[in-house]
Amino acid sequence: MAQPPALPPPSPPPVLTQEQPPLPTAPPEARREKPETQATCFRMVLNGEIEAAEMGSGGNGPFMCVFSVQHGPDWTLLTGVPDGITQLACSSIAATSVPSWRGGLSEVVWSFPIGLVYKSTSPFGWPRLVVTVYGTDLCNRRVVKGYGSVHVPCQPGRHTRTIRLYCPLSSSPLTRLLGALFGNPAQLVDPRILAGTDGREVIRVQSGGKVRVNFDVLLKDTEPFNYAF
Amino acid sequence: MAVPPPSAPPCPPGEEFELHFIGELEFGWEFPGLSSDDGLFIDYAAEAGSDWLPIARKEGFVGQTQTAYADPDGVYVFNHPLDFHFIADSLAGWPKLHVQVFKLDAAGRVETVAYGSSVLPNMPGHTELTCRTWRPLKRSIIDEVRAVSGVLGSDPGALPAPRADILNNDVKAPEVRSKMVTKTSGSLCISLDTVLRNANKHGILLQLRPR
């Protein structure tokens, strides 16, 4: 975009253009940039959607999903927004009346898109999706209904993953009661710790609920690294 | 030529055989004899041969999951992220995941519920491992009743030798395992993606799989 005005000055010296013909010509330049970087890092293009949830006994909504994609130290996010908040969604029929999981009307559907591009030098610290599902309690206050995380699939192609959710438990019955009364149940200060192993052993959780996520993964420039995915 | 000799440092830097296991210790189910007040947690360790070097974790890939309480279907969700990275000088001693399932009861007591081990996948791709687990039975009925009833000081899951030796069936404990009597316990679901590096440079044949 800024390139075409800047081009005419370098082109007059004919020696330079003969030595490096591809560089000064304007249109292929964007394409020529890539091969230089290809030996140092590979790219991972992640598309997908947070499709639906079934909260089981948690009711039929409304539910909202807050998510973020976490990655390790070797990874760099090139484009895209790694976190987001979905709409508040209700299911069409109550969860208990239809037991079917896949594609039922008892699911809460978000279909919230994700589109990210990463670059990295090592699969260590492969990105992970961390989801937090919020619902409402009897007094219409927003409370946490479940946490969960899953790693982004390492193979190119389309993958469907089911994340099983869990809710932190209060450390004593009294705080549990107070939390329920005041609409402030136990929750994680920073859900991003779910993408790691540190500090997980001190959490006690109640299992329940599922979120289904679709991933479309594309890998690029992995050839020089000689990885078999 | 293409295959380096197995002795000391044959690989130029950047051509070592590397493995990544990326996934989750997802959930456990069908654990018998637990009440709804009992939570489960897992102590795990990725055990590999002496030629396997764990990268980024000096102490090796060990850890403990959160304590999970069952949902109405009896599923305990651990959702514990696993990200193992090894450099291997030898293919002997392929890494295994050793798990020990503990129970935390309402009184705050912790005791072993089960042991399990599962060899990690050796082909690239996605694998859903099911790790079946077992619990050692006591030698006499009286000890067994004491252990199950939870009398203080009796751990139903005590092993006669170190855990890693028994699960590996090491030469250090050859006679121990054949003298043990065990009982079936629950199952664990482990979801893993395996990524190999430089497998072809070391002459390793990769399984063809449909994409």
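The values are calculated or read from the model by the stated rules, or taken from the named source; none is laboratory data. As the structure is a computational prediction, the values presented were derived from the model and not from experiment. No Cβ is skipped: glycine too gets one built from the backbone with ideal geometry, and neighbour counts run over all protein chains shown. Ligands, DNA and RNA are excluded from the accessible area calculation, which covers all protein heavy atoms including side chains. Shrake-Rupley method; radii C 1.70, N 1.55, O 1.52, S 1.80 Å.
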Practice task
Test B:Thr133 against the stated conditions and say whether it is modelled with pLDDT of 85 or more and open to solvent by 70 Å² or more (accessible area, probe 1.4 Å).
Solution key: no
Completion exercise
By residue number, the members of segment A:142-157 that are in contact with a Leu (Cβ under 7 Å, 6 or more places away or on another chain) and open to solvent by less than 10 Å² (accessible area, probe 1.4 Å) are A:Gly146, A:Tyr147, A:Gly148, A:Ser149, A:Val150, A:Val152
Exercise for the section: Take B:Gly39 and decide whether it is at the interface with chain A (Cβ under 10 Å from one of its Cβ atoms), open to solvent by less than 10 Å² (accessible area, probe 1.4 Å) and at pLDDT 85 or above. Expected result: yes
Practice task
Kindly indicate whether A:Thr79 is under 28 Å from A:Ile203 (Cα atoms), in contact (Cβ under 8 Å) with a residue 24 or more places away in the chain and over 11 Å from the mean Cα position of the chain (by Cα).
Solution key: no
Fill in the blank from the handout: Scanning segment A:86-99 for residues that are in contact with a Gly (Cβ under 7 Å, 6 or more places away or on another chain) and either at pLDDT below 80 or open to solvent by less than 60 Å² (accessible area, probe 1.4 Å) (or both) gives A:Ala89, A:Ser91, A:Ala95, A:Val98
Fill in the blank from the handout: Condition set assigned to a strand (DSSP E or B) and within 13 Å of the chain's Cα centre (by Cα), scope segment B:43-58, selection surrounded by the most Cβ atoms within 10 Å (Cβ to Cβ): answer is B:Tyr44
Fill in the blank from the handout: The residue that is most open to solvent (accessible area, probe 1.4 Å), considering only those in segment A:158-180 that are under 16 Å from the mean Cα position of the chain (by Cα) and within 11 Å of chain B (Cβ to nearest Cβ), is A:Arg158
Handout entry: strands (runs of 3 or more DSSP E) enclosed by segment B:59-133 - at least 3 residues per element that are within 14 Å of B:Ala48 (Cβ to Cβ) and within 13 Å of another protein chain (Cβ to nearest Cβ)
Key = B:75-88
Exercise for the section: Run down A:Asp74, A:Asp83 and say which single residue is open to solvent by 60 Å² or more (accessible area, probe 1.4 Å), within 14 Å of chain B (Cβ to nearest Cβ) and among the acidic types (Asp, Glu). Expected result: A:Asp74
Handout entry: Filter result (within 18 Å of B:Thr65 (Cα to Cα) and touching a helix residue (DSSP H, G or I) at 6+ places or on another chain (Cβ under 8 Å)) within segment A:166-193
Key = A:Leu169, A:Ser170, A:Leu188, A:Ile193
Exercise for the section: Restricting attention to segment A:190-203, report how many residues are over 24 Å from A:Cys154 (Cα atoms), surrounded by fewer than 19 Cβ atoms within 10 Å (Cβ to Cβ) and within 11 Å of chain B (Cβ to nearest Cβ). Expected result: 3
Practice task
Determine whether segment B:44-51 contains at least one residue that is at negative phi, modelled with pLDDT of 90 or more and in contact with a helix residue (DSSP H, G or I) (Cβ under 9 Å, 6 or more places away or on another chain).
Solution key: yes
Practice task
Return yes or no: is B:Lys96 open to solvent by 50 Å² or more (accessible area, probe 1.4 Å), touching a Ser or Thr at 6+ places or on another chain (Cβ under 8 Å) and of a type outside the set (A, V, I, L, M)?
Solution key: yes
Practice task
Select from segment A:181-209 the residues that are part of a helix (DSSP H, G or I) and among the basic types (Lys, Arg) and list them in ascending order.
Solution key: A:Arg192, A:Arg200
